[in-house]
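For reference, the structure discussed in these notes is given below.
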Amino acid sequence: MARDMRDLEAALEGILFAAGEPIHIDRICSSLEINRSTAEKLLGKLGDYYAFERRGIRLLHMENDWQLCTAPEYAAVIRRTFEIRKPAKLSQPALEVLAIVAYYQPVTRAYVDQVRGVDSAYTVSLLLDRDLIEVCGQLKEQPGRPRLYRTTENFLRSFHISSLEELPPLPGMDESGQLRLDSQDGEGGAAEE
């Protein structure tokens, strides 16, 4: 049964609204019985509509997943309406651990501890509880089989990015992700570590 594009757009909007969580594009294609190209065209058009018309919702794209969310400029009034408290800000140690995981993932807690120079067990646990990082495997060849950690889709949503490629470059790193030892310290020598 052939459907026109307006019907498909309306059905897509209904699916995204009802899902309440990220939905994979393959699931959208299967549900609407359309190909990926058509789905991406419909999603792009819907996302443009919400942004251009300055609607209270936005269509968020995270790699292969899509989700409806509230427009960030209305967060305060939405929070006030539902008496939702602003989530607690992340502490400096939490931001440090999160940055290490985001830029070097997958990583073990021992690696995080080594980079920071302090025990990060509590902070890793906090980030797991907040669903900003997750366990993504174990190093079976190492004693104790340490867990590997990576960032989550919630991390992407929380920082308003659609993929890790959008993270800003780390200061002192070259394009390949290696620490530059030729950074100037103001006297023409190498920066101290």
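The values are calculated or read from the model by the stated rules, or taken from the named source; none is laboratory data. Because the structure is predicted, anything quoted here is derived from the model rather than measured. With ideal geometry, Cβ positions are generated from the backbone for all residues, glycine too; neighbour counts draw on all protein chains shown. Accessible surface areas use protein heavy atoms only, side chains included; no ligands, DNA or RNA. Shrake-Rupley method; radii C 1.70, N 1.55, O 1.52, S 1.80 Å.
Could you work out the local net charge near V112, counting Lys and Arg as +1, Asp and Glu as -1, over the other residues with Cβ closer than 10 Å to its Cβ? Please list the in-between numbers first.
On the way: positive: R109, R116; negative: E96, D113, D119.
Local charge sum for V112: -1.
Assign unit charges at the C-beta atoms only (+1 for Lys and Arg, -1 for Asp and Glu), then state the dipole size of the stretch 101-158 relative to its Cα centre in Debye, rounded to the nearest 20. Display every interim value, and only then the final one.
Values: 8 positive and 7 negative charges, 19 e Å.
That gives the stretch 101-158 a dipole magnitude of about 100 debye.
Using θ = phi - 60° in the Karplus curve 6.51 cos²θ - 1.76 cosθ + 1.60, the 3J(HN,Hα) couplings for the stretch 102-119 round to 4, 7, 10, 4, x, 10, 8, 5, 4, 5, 4, 4, 5, 5, 7, x, 9, 5 Hz; x is entered for Gly and Pro. Within the shell of other residues whose beta carbon sits under 13 angstrom from the beta carbon of L148, the net charge comes to +3, with Lys and Arg scored +1 and Asp and Glu -1. Taking the centroid of alpha carbons for each part, the stretch 30-54 and the stretch 77-147 are 33 Å apart.
With the convex hull constructed from alpha-carbon coordinates only, the stretch 17-160 shows a mean projected area of 11.4 nm² over all directions. Taking only alpha carbon atoms, the stretch 37-77 gives an Rg to Rh ratio of 1.01, where Rh is the Kirkwood radius.
Residues whose amide H comes within less than 5 Å of that of L148, counting only those at least five positions distant or on another chain, are C136, G137, Q138, L139 (H built at 1.01 Å from N in the peptide plane).
Counting only heavy atoms of the protein chains, get the accessible area per residue of the stretch 1-137 (1.4 Å probe) and round it to a whole Å² value. Spell out each step's value before the answer.
Numbers: 8810 Å² over 137 residues.
Solvent-accessible surface per residue comes out at 64 Å².
Given Cα positions, please report Rg to Rh for the stretch 5-79, the hydrodynamic radius being the Kirkwood one. Let's see the in-between values first.
Working: Rg = 12.3 Å, Rh = 12.6 Å.
That ratio is 0.97, to two decimals.
Per-residue Karplus couplings for the stretch 121-128, computed as 6.51 cos²θ - 1.76 cosθ + 1.60 with θ equal to phi - 60°, are listed in order as 4, 4, 5, 4, 4, 4, 5, 5 Hz, Gly and Pro entered as x. Couplings for the stretch 41-53, taken from phi via the Karplus curve 6.51 cos²θ - 1.76 cosθ + 1.60 with θ = phi - 60°, read 5, 5, 5, x, 5, 5, x, 5, 4, 4, 6, 5, 7 Hz in order; Gly and Pro are left as x.
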